Each structure stands twice: as C-alpha cells, then as structure tokens.
C-alpha cells in the first residue's frame with residue numbers, strides 16, 4: 001500500500017499542478033518530507049492522510065490504493081436510486097459515500 005500511496009500522491013500532484021512545497025505547506029511538513037512520501041521512503045501519519053484525502057476529495061482508501069469488494073456500491077437497485085438523486089457535485093457524492101461507508105462499518109455482514 002505504501003508504494004501505491006507514493007504513486008498516487010505523485011500522480012495527484014501532477015494532475016493538480018502542485019509543487020512539493022505547496023503540499024508541504026498543506027501538511028505542515030518540510031518539502032523534503034513530501035519527496036520522501038512520493039519516493040516511498042516514508043509514509044504520512046493518519047492526520048496528514050486525512051488532510052490529503054480531504055484536499056483531493058478522495059477517501060483515504062482511494063488515496064493509499066486500498067481496494068476492497070464494495071457490496072453496497074455493487075447493489076444495482078441502490079446504485080440506480082443514487083443516480084436518481086441527481087447529485088451534481090463531487091462534494092455531494094463524497095458525502096453519500098461517507099454515509100454508506102459509515103453504515104457498512106456499523107452493520108457489517
């Protein structure tokens with residue numbers, strides 16, 4: 001997962017046109033620490049992962065490259081219902097995903 005995180009951070013940095021020092025400011029770390037993250041030499045703590053995930057509008061799982069079978073999102077009737085909501089923004093979609101993740105955590109199969 002650490003290697004995947006490094007690749008994802010590098011890709012996101014490029015996609016968003018960011019420099020290492022800008023990410024460092026966001027995380028309140030030194031610029032070289034960001035370089036270490038992107039090379040896979042070290043990994044950020046949970047607080048920094050949360051800041052990055054929030055900034056890039058991703059879940060922490062997506063940020064670190066963790067993929068698991070998502071039973072709720074694969075439910076066709078639920079997916080159709082969610083599409084019928086006409087969610088317009090990534091923020092609205094992210095909120096629904098957080099809600100579903102929370103419900104799955106509280107009521108695991």
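No value in this document is a laboratory result; all are computed from the given coordinates. All figures in this text were calculated on a predicted structure; none of them were measured in a lab. Positions of Cβ are backbone-derived with ideal geometry, glycine not excepted, and every protein chain shown enters the neighbour counts.
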Provide the packing ranking of 54-66, 89-101, i.e. peptides ordered by the mean count of other C-beta atoms within 10 Å per residue, highest first. 54-66, 89-101
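Quote the convex hull volume per residue of region 2-64, based on C-alpha atoms, as a whole number of Å³.
Working: hull volume 4.3 nm³, N = 63.
About 69 Å³ per residue, rounded to a whole number.
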